[in-house]
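Heads up: the structure comes next, in structure tokens.
Derivation of every value follows stated rules applied to the coordinates shown; laboratory data play no part. In this text the structure is predicted, and so the values were computed from the model without any measurement. Cβ coordinates were reconstructed from backbone atoms using ideal geometry, including for glycine residues, and neighbour counts include every protein chain displayed.
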Amino acid sequence: MNKLGIIGGSGLYSIESLEDSQWIKVDTPWGSPSDEILQAKLNGKEVFFLPRHARGHKINPSNINFRANIDALKQLGVTDILSMSAVGSLKEDLEPGKFVLVDQFIDRTFARVKTFFNEEIVAHVSMAKPISPGLMRTCEKALRKLSIPFQQGGTYLVMEGPQFSSLAESKLYRSWGCDVIGMTNMPEAKLAREAEIRYASISMVTDFDCWHPDHEDVSVDQVIKTLLGNVEKAKKVVAEVLMSFEEDIDPKDPANNCLDVAVITDKKYWTKETIKNLSNIAGRVLNK
């Protein structure tokens, strides 16, 4: 059975028409996730919401326990993740209020644990195509149906934060051809791939970072103002994606069974403790 998980910020867990909603505490070998996870139904379909910064926005990007977040969703049976994120624009035509269906990432984070396989058992998954093509198609159809302005495809530069960019950095990332900049989709996307969970990201543009000569430098007030304007749109997108994402699942999705060819450490060196820690993420291949 396929289940959709939503990782996002404030507002998304208050979608109207949610049924049977309850906050669930989930423990993981990697510690506690950002918050409890909201389990609910929408038009009879089960969905899970995880506020990545916690309710009230209490966790900065560098301190998010990304491994616990992904492990917790995997434990609940989530097979597909839709990530919703506020981002800055690095392109003239990506104005605040526009959505971007990113399909590539450049990971410039440096203070985060980026893999489940960092002790004893080593695995290398491919991130050549980090986004689920089927889930992206579902998102595209939802945005078109709702007449929400968006760009199909784009590169998301993931910076460490929590500070915003310097002008020199912003200009550098523009010279690389990046479309948007944010602080949260890495290592989230990498860990979702290691967990064999299909992943797609909708970026909601809130500002022009600091490179644009005709706009003020990015500020929290500016971000919040634009983000609040996008909340209602985001709620409608989530509802549309939930209703139809299973129709677009690609049997050749790069996340499907990707661990079959990823684990490189000889089995004779695995210990029971490490296998136990990885049981939620990789039990399918480690317990054969």
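Side notes on the structure shown:
- Structural size metrics of the range 235-288, computed from C-alpha coordinates, are Rg and Dmax of 16.5, 50 Å.
- For Ser34, the shell of other residues with beta-carbons less than 10 Å away shows a net charge of +1, using +1 for Lys and Arg and -1 for Asp and Glu.
- Per-residue ellipticity at 222 nm computed for the chain from its helices equals -8000 deg cm²/dmol, with DSSP H segments shorter than 4 residues left out and the rest contributing -39,500 (n - 2.57).
- 10 Å-binned pair-distance histogram of the chain (Cα, whole percent): 6, 29, 37, 21, 6, 1, 0
- For the range 1-154, radius of gyration divided by Kirkwood radius, i.e. Rg to Rh on alpha-carbons: 0.95
- For the chain, the longest principal axis of the Cα atoms and the long axis of helix 66-75 meet at an angle of about 60 degrees.
- Charged neighbours of Gly8, selected by a Cβ distance under 13 Å, balance to +2 (K, R count +1; D, E count -1).
- For Leu157, the residues whose modelled amide H falls within less than 5 Å of its own, excluding neighbours fewer than 5 places apart on the same chain, are Ile106, Asp179, Val180, Ile181, Gly182.
- Of Thr115, Thr271, Thr155, the residue with the greatest mean-square motion in the GNM of the chain, using alpha carbon springs below 10 Å, is Thr271.
- Exceedance of the 19 Å cut-off in Cα-Cα distance is limited, within the set Lys3/Lys45; Lys267/Lys288; Lys141/Lys233; Lys45/Lys252; Lys25/Lys74; Lys58/Lys114, to Lys45/Lys252; Lys58/Lys114.
- Electrostatic dipole magnitude of the range 48-146 [Cβ: Lys, Arg +1; Asp, Glu -1; Cα centre; debye, to 20]: 280
- For the range 4-286, the relative contact order is 25 percent, taking Cα pairs closer than 8 Å that sit 6 or more residues apart in sequence and dividing their mean separation by the residue count.
- Proximal charge balance of Lys288 [Cβ under 12 Å; K/R count +1, D/E count -1]: +1
- Close amide H pairs (under 5 Å, H built 1.01 Å from N) link Asp207 with Ser89, residues at least 5 positions away or on another chain.
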